Amino acid sequence: MRKKVTKAIFPVAGLGTRFLPATKSVPKEIMTLVDRPLIQYAIDEARAAGIKEFIFVTSRGKGALEDYFDTAPQLEAELRKKGKDDLLELLKNTNMDSGAIAYIRQHKAMGLGHAVWCARRLIGNEPFAVILPDDVIAAEKPCLQQMVEAYEETGGNIVAAMEVPQEKASSYGILDVKEDMGSIVSVRGMVEKPATGSEPSNLAVIGRYILTPRVLSNLNKIKVGAGGEIQLTDAIAQEIEADRPVYGYRFRGQRFDCGSKAGFLQATVSFALSRPDLRDELAMFLQSVVAEQRAAQ
Ligand code: G1P
């Protein structure tokens, strides 16, 4: 029996500069896809995968995130008075059991590896998940749950993986594939943001990881890497060098890069179209917009 994965780290310290001015006073993770903030999608996915402890690595100005997961006594009393049980039920999803959620500050923006390392004492000697809330994944079976199931078979370290166009490879961590077994690949190496032309494949790391605590020990002494930052990819790659297994997992689902405006808009449209209460009206609107554009061309 493998140790169960019950802890997840959510790196949410980023400034969200790509969404300024919106993110001047609102954390990026609170930005809304239809009617749920980005972070709620990440939390729901973690819960579905059996995560019980949620560790947020935050920074200055992220107070709205803490409030979001807190109870809201005044709002709840008001809804109760008005008999709005459906909304009260909806809000339950935003609450956490006491002690199930922790916030750690990343005092300096030193990269994803450093953010994860900030949570080391809360992880201790257990396997753990990392979820990057910018990567939103629509899937019948939530992505992290798929990965937990794969982990039960393989153990080791597992990173979510997806083929990307070659010209985009330099924006990702890229896997050097040793053996391709279909949904699972074993990995011979990993490179963070390879220079164009030097990428070992077009299989990119997407923001879901199940990692062994050794990766945290590696982060104790890792040097700055791509972009002058401490890279999680480099700490995972050290496991391979030490002859310990690392796998890529080709998940079933559609990933949206909500760290970019185009990706965020695509996710918004796609999630709205999957909602029975919004689908018809939005589809009609989109059709008319496309027709108008075609006519204008
Ligand atoms: C991070 C990781 C990278 C991964 C990507 C997925 O990069 O460092 O390995 O491919 O997330 O979204 P970032 O997008 O934060 O630059």
Reported set for region 63-96 where residues are among the charged types (D, E, K, R) and either free of Cβ contacts under 8 Å to residues at least 12 places away in the same chain or not in a loop (DSSP other than H, G, I, E, B) (or both) is 66, 67, 76, 78, 80, 81, 82, 84, 85, 86, 89, 92
Does residue 68 satisfy the condition of being of a type outside the set (A, V, I, L, M), more than 19 Å from residue 232 (Cβ to Cβ) and surrounded by 16 or more Cβ atoms within 10 Å (Cβ to Cβ)? yes
Residue pairs, Cβ under 6 Å, 6 or more apart or interchain, first in region 271-284 and under 20 Å from residue 38 (Cα atoms), second surrounded by 12 or more Cβ atoms within 10 Å (Cβ to Cβ) and small (Gly, Ala, Ser). List them. 278/272
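Please go through region 223-235 and give me each residue that is more than 9 Å from the ligand (Cβ to nearest atom), buried (at least 19 other Cβ atoms within 10 Å of the Cβ) and not in a loop (DSSP other than H, G, I, E, B), ordered by number.
Listed by number, the residues that qualify are 234, 235.
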If you go through region 4-24 one residue at a time, how many are open to solvent by 20 Å² or more (accessible area, probe 1.4 Å) and free of Cβ contacts under 8 Å to residues at least 12 places away in the same chain? 5
Can you tell me how many residues in region 253-264 are more than 13 Å from the ligand (Cβ to nearest atom) and either more than 15 Å from the chain's Cα centre (by Cα) or hydrophobic (A, V, I, L, M, F, W, C) (or both)? 3
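Go over the candidates 277, 243 one by one and state the one that is open to solvent by 40 Å² or more (accessible area, probe 1.4 Å), away from the ligand (no atom under 16 Å from the Cβ), part of a loop (DSSP other than H, G, I, E, B) and closer than 27 Å to residue 9 by Cβ.
Matching residue, one of 277, 243: 243.
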In this structure, does residue 176 turn out to be within 16 Å of the ligand (Cβ to nearest atom), crowded, with 19+ Cβ neighbours inside 10 Å and charged (D, E, K, R)? no
Hey, residue 248 out of contact with any Pro (no Cβ under 9 Å at 6 or more places or on another chain), surrounded by fewer than 17 Cβ atoms within 10 Å (Cβ to Cβ) and either assigned to a helix (DSSP H, G or I) or of a type outside the set (Ser, Thr, Tyr) (or both) or not: no
Examine region 148-160 for a residue that is β-branched (Val, Ile, Thr), surrounded by 23 or more Cβ atoms within 10 Å (Cβ to Cβ) and under 18 Å from residue 244 (Cα atoms), and state whether such a residue exists. yes
Does at least one position in region 215-222 carry a residue that is within 22 Å of residue 18 (Cβ to Cβ), touching a Gly at 6+ places or on another chain (Cβ under 9 Å) and at pLDDT below 95? no
Return a yes/no flag: does region 143-150 have any residue that is touching a Cys at 6+ places or on another chain (Cβ under 8 Å), more than 16 Å from the ligand (Cβ to nearest atom) and farther than 30 Å from residue 272 by Cβ. no
Just to be sure, is residue 204 within 10 Å of the ligand (Cβ to nearest atom) and at pLDDT below 95? no
Can we say residue 207 is open to solvent by 20 Å² or more (accessible area, probe 1.4 Å) and under 14 Å from residue 112 (Cβ atoms)? no
Filtered residue count, region 71-90, keeping only those that are small (Gly, Ala, Ser) and either in contact with a helix residue (DSSP H, G or I) (Cβ under 9 Å, 6 or more places away or on another chain) or surrounded by 13 or more Cβ atoms within 10 Å (Cβ to Cβ) (or both): 1
Of residues in region 115-142 being in a loop (DSSP other than H, G, I, E, B) and touching an Asp or Glu at 6+ places or on another chain (Cβ under 8 Å), the one nearest to the ligand (Cβ to nearest atom): 134
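The values are calculated or read from the model by the stated rules, or taken from the named source; none is laboratory data. Keep in mind it's a predicted model, so treat the numbers as computed, not measured. A quick note on method: Cβ atoms are made from the backbone with ideal geometry, for glycine too, and the neighbour counts reach across all protein chains shown. All accessible areas refer to the heavy atoms of the entire protein, side chains included, with ligands and DNA or RNA removed. Shrake-Rupley method; radii C 1.70, N 1.55, O 1.52, S 1.80 Å.
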